[in-house]
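Peer 1: Got a structure for you, written out below as structure tokens; questions coming shortly.
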Amino acid sequence: MKVFSIAIHGGAGTLVKGMMTPELEARYKLALKIALDAGYKVLDDGKSSIEAVEIAVKLLEDSPLFNAGKGSVFTAEGTHEMDAAIMDGKSLNAGAISLITGIKNPVSLAKDVMEKSEHVFLAGEGAMQFAKELDYKFEDDHYFYDEFRYNQWQEIKDTDNFQLDHSTKKDSKFGTVGAVACDQDGNIAAATSTGGMTNKKWGRVGDSPMIGAGNYANNKTCAVSCTGSGEFFIRGVVAYDVSCLMEHKGLSLQEASEEVIHKRVLEINGDGGLIAIDAQGNITMPFNTEGMYRACKSSGGKEDISIYK
Ligand code: ASP
């Protein structure tokens, strides 16, 4: 049987080490394990990498611990605007949505854009209309309310500041979520979902829903999901850059990922990390921040759930 594997992340914005309690660490690791095991089971059952990354990201979106779906941060208006993307490395089909509110699982809406529309990227009101036409259920604000997130917003609400979860400030704790997987047929896929940054305004959109920036998959090279300061990941076209270094320079998955995160992103002062997989099931998870919530499991027997270096 062919090797199959999955990797997930819950953002490169971990609590600084001194603030992490054993109880909280256990909660994060459990949430990661639940998502990892669910994605792995899909692969073990012989289903596709697309199905595996969707289920893993959905479960991370359902956890209040991460900045996506239920745990999404507050915008400057006190709302939640979510972005997500999914990409199939076999067909290069992709779907993405941004600036949506009230949707429990943005990753599923991105998948529906890929499978049920002729488009790749829908935003704002139009994306919401698309969801309505597919009979999506809309959650009220209460579903997305989280006290920690609310207080995080209150601290900077009336300022021009915005806050990324992976900055090293004392309370920068949550993060974007993502998954990459390689199924038994050697097809790979990537999915990413986020609430963006606290106090964001003007319809700010980060790298997460942008194909090639925060999310990318191509069977020929790799599937990548990023987390970090989105503006830099957009400018660095980070996910596609990893793929390009493999395709055009012949670097391995690990070499390409490390070159991008430890060199190219740093050169433009960006911080964050990524998870990446290739069609042989190899996985790498580099980051240039203090930590990154991450986990991986492969049919070869390897399993890892980690937060710090
Ligand atoms: N990349 C995300 C964004 O800029 C944030 C994150 O990864 O935490 O929207």
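The values are calculated or read from the model by the stated rules, or taken from the named source; none is laboratory data. Please read these numbers as outputs of a predicted model, since none were measured by experiment. Positions of Cβ are generated from backbone atoms using ideal geometry, with glycine treated the same way; all protein chains shown enter the neighbour counts. With ligands, DNA and RNA removed, areas are computed over all heavy atoms of the protein, side chains included. Shrake-Rupley method; radii C 1.70, N 1.55, O 1.52, S 1.80 Å.
Peer 1: Consider A31 carefully, then state whether it is open to solvent by 10 Å² or more (accessible area, probe 1.4 Å), free of Cβ contacts under 8 Å to residues at least 60 places away in the same chain and touching a strand residue (DSSP E or B) at 6+ places or on another chain (Cβ under 9 Å).
Peer 2: Yes: the conditions hold for A31.
Peer 1: Related question: Can you name every residue in region 242-281 that is in contact (Cβ under 8 Å) with a residue 40 or more places away in the chain and under 30 Å from K47 (Cα atoms)?
Peer 2: G273, L274, I275, A276, I277, D278, A279, Q280, G281
Peer 1: Okay, next question. Which helices (runs of 4 or more DSSP H) does region 178-268 wholly contain that include 2 or more residues that are over 25 Å from A110 (Cα atoms)?
Peer 2: Helices (runs of 4 or more DSSP H) meeting the threshold: 238-249, 253-259.
Peer 1: Among the residues of region 158-177, count how many are open to solvent by less than 30 Å² (accessible area, probe 1.4 Å) and modelled with pLDDT of 70 or more.
Peer 2: 3
Peer 1: Among the candidates E23, E77, E61, which residue alone is assigned to a loop (DSSP other than H, G, I, E, B) and of a type in the set (D, E)?
Peer 2: Of E23, E77, E61, the one residue that is assigned to a loop (DSSP other than H, G, I, E, B) and of a type in the set (D, E) is E77.
Peer 1: Could I ask something else about it? Which numbered condition in (1) of a type outside the set (G, A, S); (2) buried (at least 17 other Cβ atoms within 10 Å of the Cβ); (3) within 19 Å of C222 (Cα to Cα) is the only one that V3 fails?
Peer 2: (2)
Peer 1: Then there's this: Please go through region 282-308 and give me each residue that is assigned to a loop (DSSP other than H, G, I, E, B) and more than 19 Å from the chain's Cα centre (by Cα), ordered by number.
Peer 2: S299, G300, G301, K302
Peer 1: Please give the number of the condition E155 fails out of (1) modelled with pLDDT under 80; (2) open to solvent by less than 10 Å² (accessible area, probe 1.4 Å); (3) outside any loop (DSSP other than H, G, I, E, B); (4) not small (G, A, S).
Peer 2: So E155 meets the others, but not (2).
Peer 1: Among what's in region 183-236 and is among the acidic types (D, E) and either within 24 Å of E81 (Cα to Cα) or buried (at least 24 other Cβ atoms within 10 Å of the Cβ) (or both), pick the residue that is farthest from the ligand (Cβ to nearest atom).
Peer 2: D183
Peer 1: Which condition number does G250 fail, the rest of (1) closer than 29 Å to S63 by Cβ; (2) open to solvent by 20 Å² or more (accessible area, probe 1.4 Å) being met?
Peer 2: Result: G250 passes all but (1).
Peer 1: V180 - would you say it is touching a Cys at 6+ places or on another chain (Cβ under 7 Å), at pLDDT 95 or above, open to solvent by less than 10 Å² (accessible area, probe 1.4 Å) and more than 9 Å from the ligand (Cβ to nearest atom)?
Peer 2: no
Peer 1: Sort through M292, M285 and tell me the only one that's under 23 Å from E23 (Cα atoms), out of contact with any helix residue (DSSP H, G or I) (no Cβ under 6 Å at 6 or more places or on another chain) and open to solvent by less than 40 Å² (accessible area, probe 1.4 Å).
Peer 2: Residue meeting the stated conditions: M292.
Peer 1: Let me ask another. In this structure, is L274 within 16 Å of the ligand (Cβ to nearest atom) and not β-branched (V, I, T)?
Peer 2: yes
Peer 1: Another one. Quick check on this structure: which one of G39, G18, G78, G13 is more than 16 Å from the ligand (Cβ to nearest atom) and crowded, with 21+ Cβ neighbours inside 10 Å?
Peer 2: G39 is the lone residue from the list that is more than 16 Å from the ligand (Cβ to nearest atom) and crowded, with 21+ Cβ neighbours inside 10 Å.
Peer 1: Ok, one more. Considering every residue within region 81-103, establish whether at least one is within 16 Å of the ligand (Cβ to nearest atom), open to solvent by less than 50 Å² (accessible area, probe 1.4 Å) and at pLDDT below 95.
Peer 2: yes
Peer 1: Any chance you could count how many residues in region 57-84 are over 17 Å from G39 (Cβ atoms) and in contact with a strand residue (DSSP E or B) (Cβ under 7 Å, 6 or more places away or on another chain)?
Peer 2: Here the count works out to 7.
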